[in-house]
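**Q** This is the structure I want to talk about, given as structure tokens.
The values are calculated or read from the model by the stated rules, or taken from the named source; none is laboratory data. This is a predicted model, so every value here is computed, not measured. Counting neighbours? That spans all protein chains shown, and the Cβs are built from the backbone with ideal geometry, glycine included.
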């Protein structure tokens, strides 16, 4: 007589348990992967400020209602990819949104100082912290979420657009500053450095810590490389060095996006790609530079309408039409040949060929 084969029943794990395990595994892998690089960079970087919080796994899982009322939309791109042009379009679209059941308008915040303190430790001294805690510190995350997404019957949309890398005040105030050492490194070396991974913020730690509390989406910007470099030609001691730094960040961003395609809780897409040149009138001008042809204007308007509609659908916003979203849009006048010169254009074109398989990232 045959004996029935023993079958091991699967152990039931609820969502919170899985999140704990996921967070612990994520922290272990980040710590192991970054150990050698931290040793290399510790002379210039305060690793105590940057280390991943060991308490991340015990953050209590919030309610579904909490996550539904809180959405963080990060306009993500390298320096020079027209964040300042895209942000008003997105913000205007967000301000058109209302709860279809209650008619209550969404609360839209751009440049939230509360979120910026959480991500960049700027402006200093918020929430009673004398020193900025790590990005994924449980108390910090809790305070930021409470401040940006209160339970007041509204859906809260928080829009951020700080570039990678970042100049200006975030250069001076972020946990890790822009590094002059990058001027002497290869793009791959920059992408692998602990400093670049954490400037202006650590995307991995940001997503791991906040996705339990908020629906996080990334609007990824792509702009033709030569225009991107020409727009900040004086950064990093000159266009060729600046191009190296930007290439390093494109590698870094592509790695993050490749490993963060889908929401860990819902399975939905967390990023979409925007070719910013395709919503510019230059893209639809004829060979003589004419922008006035009615058929060309029609193509431009249709491209913008499609972009707005697709973006609203990606973000799960009910209002997909926005006739005034581009009212403040100003086309870039950057002439990269005039700014960079023919010699640099040829060199940069060859550099870019090495990255074409990496950037722009391919959507799923």
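**Q** Given (1) buried (at least 20 other Cβ atoms within 10 Å of the Cβ); (2) over 21 Å from residue 143 (Cα atoms), identify the lone condition not met by residue 74.
**A** So the condition that residue 74 fails would be (2).
**Q** Consider only pairs whose beta carbons are under 6 Å apart and that are at least six residues apart or on different chains; among these, list those whose first residue lies in region 92-111 and is loosely packed, with under 15 Cβ neighbours inside 10 Å and whose second residue is in a strand (DSSP E or B) and modelled with pLDDT of 95 or more.
**A** 105/98
**Q** Next question. For region 287-344: of the residues being more than 28 Å from the chain's Cα centre (by Cα) and on the phi > 0 side of the Ramachandran plot, which is modelled with the highest pLDDT?
**A** 341
**Q** Consider residue 52 against the criteria (1) modelled with pLDDT under 95; (2) part of a helix (DSSP H, G or I); (3) surrounded by 21 or more Cβ atoms within 10 Å (Cβ to Cβ): it satisfies all of them except one. Which criterion is unmet?
**A** (2)
**Q** Do we have any residue at all in region 83-92 that's in contact with a strand residue (DSSP E or B) (Cβ under 7 Å, 6 or more places away or on another chain) and at pLDDT below 95?
**A** Within region 83-92, one or more residues are in contact with a strand residue (DSSP E or B) (Cβ under 7 Å, 6 or more places away or on another chain) and at pLDDT below 95.
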